[in-house]
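Novice: Quick one: structure below, then a few questions.
The values are calculated or read from the model by the stated rules, or taken from the named source; none is laboratory data. Every value quoted in this text rests on a predicted model; they were computed, and no experiment measured them. Cβ coordinates were reconstructed from backbone atoms using ideal geometry, including for glycine residues, and neighbour counts include every protein chain displayed. Ligands, DNA and RNA are excluded from the accessible area calculation, which covers all protein heavy atoms including side chains. Shrake-Rupley method; radii C 1.70, N 1.55, O 1.52, S 1.80 Å.
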Amino acid sequence: TKKDQMMVTVDLQMSMFSRVLRYEENLKRRTPNDSLVVGIIYQGESAQSILVKEEVTAAIADLAQIGDYTKVGAVPIRVSSATDLVREIDRHGIHIIYVAPLLEAKKDVEEIARATRSRKVLTMTGVPDYLKQGLAVSIETTSSHRPMIIFNLPVVDAEGCSFQAHLLQKATIVSYWE
């Protein structure tokens, strides 16, 4: 459906998310060795989800660094249950979760949000509507078709993250909580 659509390309998302992460302060304390692990949640039953997972994995591999992190790894995670997600976060030492478009979005995104908050993992997505189900950061386009970062501040806080004020002043701020 339209609300489950990404507004900008994966390459632009990864470029913008990389710049945004330079202004996040708490994540740096949890990643002392300049290594960052990004989990990419996708659904195996969805061709669009698989394609986005592949594009995000390739974009991460192409970036020399993300934010201030020079060692970046991507871990694809096929969504099944929040319990499995917590285990995957712990097993791979994941710091950030990127959520690709999902078929059963509302239920799945809410489960993902609960799992990531329990582990203080920052969530990002290219689907702005997923912020309403509890994810933290996305990208939308303005009426003049320019990309704009969106922060769901209550969720950013719940995920243990803190972005510098001058970045938040340039972004769209929303307050969705399930």
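Novice: Which condition number in (1) modelled with pLDDT of 95 or more; (2) of a type outside the set (S, T, Y); (3) more than 13 Å from the chain's Cα centre (by Cα) is the one that E104 fails?
Specialist: (1)
Novice: Another question, if that's okay. Pick from region 21-34 the residues that are open to solvent by 30 Å² or more (accessible area, probe 1.4 Å) and in contact with a strand residue (DSSP E or B) (Cβ under 8 Å, 6 or more places away or on another chain): which of them is farthest from M6 (Cα to Cα)?
Specialist: Step by step, filter region 21-34, then rank; the result is N33.
Novice: If Y176 passes every condition in (1) of a type in the set (F, W, Y); (2) assigned to a strand (DSSP E or B); (3) surrounded by fewer than 23 Cβ atoms within 10 Å (Cβ to Cβ) but one, which one does it miss?
Specialist: For Y176, the exception is condition (2).
Novice: State all residues of region 95-120 that are open to solvent by less than 10 Å² (accessible area, probe 1.4 Å) and closer than 22 Å to L36 by Cβ; if no residue qualifies, say none.
Specialist: I96, I97, Y98, V99, A100, I112, A113, A115, T116
Novice: If Q48 meets every condition in (1) touching a Pro at 6+ places or on another chain (Cβ under 6 Å); (2) touching a residue at least 60 places away in the same chain (Cβ under 8 Å) apart from one, which number is that one?
Specialist: Answer for Q48: the failing condition is (2).
Novice: Are any residues in region 121-151 open to solvent by 40 Å² or more (accessible area, probe 1.4 Å) and modelled with pLDDT of 95 or more, and if so, which ones?
Specialist: none
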